[in-house]
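Asker: This is the structure I have questions about; it appears just below.
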Amino acid sequence: MEFLLDTVHIEDIKKYVDIIPLSGVTSNPSIVKKEGRIDFFKHMRAVRQIIGDQATLHIQAVGQTTDAMLQDAYTILKNVDENVYIKIPTNEAGLAAIKQLKAAGINVTATAIYTKFQGYLAMTAGADYLAPYYNRMVNMNINADEVIGELSTQILRENSNTKILAASFHTVQQVNSAFEMGAQAATMSADILKTALSAPAISAAINDFTTDWESLYGQGSTISSLAKKQNLTTMTN
């Protein structure tokens, strides 16, 4: 499984790159808008520096014609880095752009996927990732689980290298469902991660363990402090 952050907020990326096995960062114009009028290319290079070369960075082309998408793609590659995954919408103009970009050996994420048919076309065009919009499908009364499940089945059937990068989540359960239906990757907001890792039950369990330990060895005691009292070796960085 690949866990990606759907944000370009530097502080959130710095935080979670040290907490989770972060596979990459995704962005789109709406996400960029949340940061205000940033120095776009400098900001994206800063994101890359934080996540490193082994993580994937996905940046969306904003042109609406095939030529405009291609110009955006090459501009991103030149001014950020050559390993960026260019996000291209899966419509007529976008599919034509995907074909040309893949013919040139460029990484592509096919985005704005709402139907199996879009996914099949993008997969056949050679897209590296398919990005179905989970919550947006739910809001449109489209069965998101079915779409992801069928795309996953087709990937297995064809032994394709394309991966499903599920996106647009409103709840932790939606992320779980996407993985359970066969998505290899999911991108989510920092809020989703925070919610998943700060449930009251988790804190309650941790507090219970601490209380039980301290009832035996004293308030504020830890395993390392116990070892120090006994003149035993403790781990140092």
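The values are calculated or read from the model by the stated rules, or taken from the named source; none is laboratory data. Remember, it's a predicted structure, so these values are computed and weren't measured experimentally. Glycine gets a Cβ as well: all are built from the backbone with ideal geometry, and neighbour counts include every protein chain shown.
Asker: For the range 192-229: of the residues being surrounded by fewer than 13 Cβ atoms within 10 Å (Cβ to Cβ) and under 19 Å from the mean Cα position of the chain (by Cα), which is nearest to Asn135 (Cα to Cα)?
Answerer: Ranking the candidates gives Lys194 first.
Asker: Inside the range 10-26, can you point out the residues that are under 21 Å from Asp39 (Cα atoms) and surrounded by fewer than 17 Cβ atoms within 10 Å (Cβ to Cβ)?
Answerer: Ile10, Glu11, Lys14
Asker: From the list Ala112, Ala127, Ala103, exactly one residue is out of contact with any Cys (no Cβ under 9 Å at 6 or more places or on another chain), of a type in the set (Gly, Ala, Ser) and under 16 Å from Ala185 (Cβ atoms). Which is it?
Answerer: Unique residue meeting the criteria: Ala127.
Asker: Is there any pair with a first residue in the range 37-48 that is within 15 Å of Thr75 (Cβ to Cβ) and a second that is of a type in the set (Gly, Ala, Ser) whose Cβ atoms are under 9 Å apart and which are 6 or more apart or on different chains, and what are they?
Answerer: Note: pairs meeting the criteria are Met44/Ser27.
Asker: Being within 19 Å of the chain's Cα centre (by Cα) and surrounded by 18 or more Cβ atoms within 10 Å (Cβ to Cβ) is the filter here; which residues of the range 77-95 pass it?
Answerer: Val80, Val84, Tyr85, Ile86, Lys87, Ile88, Pro89, Thr90, listed by residue number.
Asker: Checking Ala97 against (1) among the small types (Gly, Ala, Ser); (2) more than 26 Å from Tyr16 (Cα to Cα); (3) at pLDDT below 95, only one condition comes out false. Which one?
Answerer: Exception for Ala97: condition (3).
Asker: Yes or no: Ser189 surrounded by 19 or more Cβ atoms within 10 Å (Cβ to Cβ) and under 16 Å from the mean Cα position of the chain (by Cα)?
Answerer: No.
Asker: Right, another one. Looking at Asn159, is it free of Cβ contacts under 8 Å to residues at least 24 places away in the same chain and within 27 Å of Asp191 (Cβ to Cβ)?
Answerer: Judged against the criteria, Asn159 is not a match.
Asker: State all residues of the range 96-113 that are buried (at least 17 other Cβ atoms within 10 Å of the Cβ) and over 15 Å from Ala61 (Cβ atoms); if no residue qualifies, say none.
Answerer: Passing the criteria: only Ile113.
Asker: Among the helices (runs of 4 or more DSSP H) contained in the range 105-205, which hold 3 or more residues that are of a type in the set (A, V, I, L, M)?
Answerer: The helices (runs of 4 or more DSSP H) meeting that bar are 116-125, 144-158, 172-180, 190-197.
Asker: Name the single residue, out of those in the range 42-65 being in a loop (DSSP other than H, G, I, E, B) and surrounded by 15 or more Cβ atoms within 10 Å (Cβ to Cβ), that is nearest to the chain's Cα centre (by Cα).
Answerer: This residue is Ala55.
Asker: Any chance the range 149-160 includes a residue that's in the same structural domain as Pro29 (by TED's automatic domain parsing) and within 22 Å of Ser27 (Cβ to Cβ)?
Answerer: no
Asker: Looking at the range 106-121, I want the residues that are within 18 Å of Thr26 (Cα to Cα) and have a partner that is polar (S, T, N, Q) with Cβ atoms under 6 Å, at least 6 apart or on another chain. Which pairs are those?
Answerer: Sorted first by the residue in the range 106-121, then by its partner, the pairs are Ala110/Thr90; Ala112/Thr90; Ile113/Thr90.
This table checks each residue for (1) over 30 Å from Asn176 (Cα atoms); (2) modelled with pLDDT of 90 or more; (3) not in a loop (DSSP other than H, G, I, E, B).
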{"residue": "Phe209", "(1), (2), (3)": "no, yes, yes"}
{"residue": "Trp213", "(1), (2), (3)": "yes, no, yes"}
{"residue": "Leu216", "(1), (2), (3)": "yes, no, yes"}
{"residue": "Ser221", "(1), (2), (3)": "yes, no, no"}
{"residue": "Ser224", "(1), (2), (3)": "yes, no, yes"}
{"residue": "Met235", "(1), (2), (3)": "yes, no, no"}
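Asker: Also, quick follow-up: Quick test for you: out of Gln100, Gln54, pick the one residue that is assigned by TED's automatic domain parsing to the domain that holds Leu151 and touching a Ser or Thr at 6+ places or on another chain (Cβ under 8 Å).
Answerer: Gln100
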